[in-house]
Amino acid sequence: MVMCGRFFWRIAAVGLICTASFGLTACGGAGSASGSAAATYSISAKIAGLTSNGLSLDVNGSGVSISGDTTGATLRSGLANSTAFTVSVATQPSGEDCTVANGAGTISSANVVDVSVSCGYTVSGSITGLGAASGLSLLANGSYATQIAANSTAFTIESSLASGTTYDVTVGADPSGLLCMPSSNTGTVSSAGVTGVAVNCGVPAEKVLYSFQGIQSSAGIVDGSAPAGSLAPGGSGIYYGVTYFGGPDSDGTLFEYDVATNTEKILYGFPTGTDLPVNPAGSLVQASDGDYYGLAGGGADSAGVIYKFDPATGAVSTVYTFTDGADGGNPETELIQASDGNLYGVTSSGGTYGNGVIFRYNPSTNQESVLYSFQGTTDGSPSSAGAGGGPLLQATDGNLYGTAGMGGSPTCGCGVLFEYNLKTNSYSVLHTFVGGTDGVFPMGNLIQDANGNIYGETTNGGDPSCVFSGMQPGCGTIFEYDPGTKQESVVHAFGSTSGDGLYPNTGMMIASDGNFYGMTGNGGSTTDVATSNAGYGTVFQFNPTSGQETVLYSFSGPPDGTFDAGEGDFVQMSSGDLIGLTTGGGAAPTGSGTIFELYLK
């Protein structure tokens, strides 16, 4: 009995000790000797822009569904301190794209509240011309880069742009060997997302940089209309040019275009008044004194003027007024500055015989002098009644070369190529255009290649089978003149192949790649012989080594440019691309012409 009592007492004592142990544990905090439960924490997220159902987030491997219009949600709870976490999108909502910010970290004795989910709409569209080329990337609003796989014909940019915000799709990187241009690429995101962007890949590509607006009285807009000639570089991406119409008095403008900001502003509106220039024709040329000189109509005798533009002050002034007498009248196209510092040009009237002159202007003395008076017979005539010819070229031999658009052959009157020797003060006809497979009516500027050969264009002649209603037979030529052999030859007849350009009238320029680039007034992909639609014009390349002419771009008419009547040629930009003008087309409602860029690869 005693032993049983002692055993019972030991059991009871052990029970007391165990009870005491459990009691001590219950009195403490989490993880402490007192025995309280461990603290736990939660992860929550702020959600912006979500309007559709279907979003699922992955939180440390577990899915969490988020319904549409949710602005905040607790994603996980009951997590211990020092627990690592990741939050990512498992499934995107219908028609939207969501991204997670601050979606990874480690719990540090506090609830996680800085996870954010931003949702928005995707931007999508079509791709043409990409083919097997790789490397194309597209951007929405300068970010959200999306790589486009080779042979793609469609794309989707997961942009997360909210409804009501603006979008701008641009090319982040061009694919190998191609240039890609987006269109319909700006606008406002709707609640259905963006689906109408088009990306066209090819080489080269054309882009309208600025559309002249003309005069829109009801909208309070006064801009230039019908840009003339070529742009004149002003340095640092600035270009100067003129329009034949528009401006405060509707008599033309002198404008500035800034490539960096893509802005145009009128610097001077040509006013109506005595001895003032109006309706400027042709390009500005910067002389060695830093000022720009140009030709315009108007003046005291309405026979035209030479005017000067000072870029430092913005002042425009008349420096010489033609009388249409012995000094000439109605100057054509543009001036050139020769190696002697003087400016040279051609008029279409006045002179001894009334058929125009070759003149010299000395900017230091403001003196004009006549070098040659056209008789208007076999020596040619730059008469403004027809094709006027083009500006002069000083070749490497120091002589002046030019074209008279009419005169020459007594039976054809199709124009001449001439030379004026500044040393001997002598004029000579180098080639008389006779029509047929030869050219008819030379127009535009002349150029000289590295071999010393001179090239130009005629608006008609060449291929007699190329005929459109109301036009002379033949759709124009590129001709070459070899000063060594004194021979002229047609190196390309326009219109001889389907889709070719027709009726060139602007001249060409030589780019850094050695090729010639020019524009035609008609032709291209919009040409329809059956309906006598001569088309809106083209940009072409001519390789003087191979003799190959290639249409690079076909103008499609408004809102693209149209080359109704051109006078100028391209200027090569610092980027290597070409910048030019069209006399018509551009944005509605006026179609007053454009500044455009041709991208070369």
Self-check item: Single condition Phe255 does not satisfy, out of (1) touching an Asp or Glu at 6+ places or on another chain (Cβ under 8 Å); (2) among the hydrophobic types (A, V, I, L, M, F, W, C); (3) over 16 Å from Gln286 (Cα atoms); (4) crowded, with 17+ Cβ neighbours inside 10 Å
Solution: (3)
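Is it the case that the range 510-528 has a residue that's without any contact (Cβ under 8 Å) to a residue 24 or more places away in the chain and surrounded by fewer than 24 Cβ atoms within 10 Å (Cβ to Cβ)?
yes
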Quiz item: Does the range 541-587 hold any residues that are among the small types (Gly, Ala, Ser) and assigned to a strand (DSSP E or B), and which are they?
Solution: Ser554, Gly561, Gly580, Gly584, Gly585
Quiz item: Hey, among the residues in the range 103-130 that are more than 30 Å from Gly177 (Cα to Cα) and among the aliphatic types (A, V, I, L, M), which one's farthest from the chain's Cα centre (by Cα)?
Solution: Ala110
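Can you pull out every residue in the range 271-294 that is in a loop (DSSP other than H, G, I, E, B) and either touching a His at 6+ places or on another chain (Cβ under 8 Å) or modelled with pLDDT under 95 (or both)?
Result: Pro271, Thr272, Gly273, Thr274, Asp275, Leu276.
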Self-check item: Exclusive hit being free of Cβ contacts under 8 Å to residues at least 12 places away in the same chain and either within 23 Å of Tyr517 (Cα to Cα) or surrounded by fewer than 24 Cβ atoms within 10 Å (Cβ to Cβ) (or both), set Ser383, Ser428
Solution: Ser428
Quiz prompt | Residues within the range 157-199 that are polar (S, T, N, Q), within 9 Å of Tyr121 (Cβ to Cβ) and at pLDDT below 80, tallied | solution = 3
Exercise. Would you check if Ser339 is outside any strand (DSSP E or B), modelled with pLDDT of 95 or more and either closer than 19 Å to Asn421 by Cβ or among the charged types (D, E, K, R) (or both)?
Key: yes
Quiz item: Do we have any residue at all in the range 532-539 that's over 14 Å from Asn505 (Cβ atoms) and either surrounded by fewer than 17 Cβ atoms within 10 Å (Cβ to Cβ) or not assigned by TED's automatic domain parsing to the domain that holds Pro442 (or both)?
Solution: yes
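Return the total of residues in the range 24-52 being closer than 26 Å to Ser160 by Cβ and at pLDDT below 90.
Number satisfying all stated conditions: 5.
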Quiz item: How do the strands (runs of 3 or more DSSP E) wholly within the range 37-113 filter down when requiring 3 or more residues that are among the small types (Gly, Ala, Ser): which remain?
Solution: 40-48, 62-66, 72-80, 84-91
Quiz item: Of all residues in the range 73-91 being in contact with a Gly (Cβ under 7 Å, 6 or more places away or on another chain) and polar (S, T, N, Q), which is farthest from Tyr121 (Cα to Cα)?
Solution: Thr86
Self-check item: Identity of the residue in the range 200-212, hydrophobic (A, V, I, L, M, F, W, C) and buried (at least 21 other Cβ atoms within 10 Å of the Cβ), that ends up modelled with the lowest pLDDT
Solution: Ala205
Practice problem: Identify, from the list Tyr372, Tyr353, the residue that is in a strand (DSSP E or B) and over 39 Å from the mean Cα position of the chain (by Cα). | Solution: Tyr372
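Go over the candidates Leu393, Leu417, Leu422 one by one and state the one that is buried (at least 24 other Cβ atoms within 10 Å of the Cβ), touching a residue at least 60 places away in the same chain (Cβ under 8 Å), closer than 25 Å to Leu343 by Cβ and not assigned by TED's automatic domain parsing to the domain that holds Gly521.
Values: Leu393 fails: buried (at least 24 other Cβ atoms within 10 Å of the Cβ); Leu422 fails: buried (at least 24 other Cβ atoms within 10 Å of the Cβ).
Just one listed residue meets the conditions, Leu417.
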Quiz item: How many of the residues making up the range 296-326 are part of a loop (DSSP other than H, G, I, E, B), touching a strand residue (DSSP E or B) at 6+ places or on another chain (Cβ under 7 Å) and under 18 Å from Leu267 (Cα atoms)?
Solution: 2
Quiz item: Exactly one of (1) touching an Asp or Glu at 6+ places or on another chain (Cβ under 8 Å); (2) over 19 Å from Ala338 (Cα atoms) is unmet by Asn445. Its number?
Solution: (2)
Self-check item: Residues of the range 125-170 that turn out to be assigned to a strand (DSSP E or B), surrounded by fewer than 18 Cβ atoms within 10 Å (Cβ to Cβ) and in contact with a strand residue (DSSP E or B) (Cβ under 6 Å, 6 or more places away or on another chain), as a count
Solution: 10
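The values are calculated or read from the model by the stated rules, or taken from the named source; none is laboratory data. None of the values given here were measured: they were computed from a predicted structure. Cβ atoms come from the backbone with ideal geometry, glycine included; neighbour counts cover every protein chain shown.
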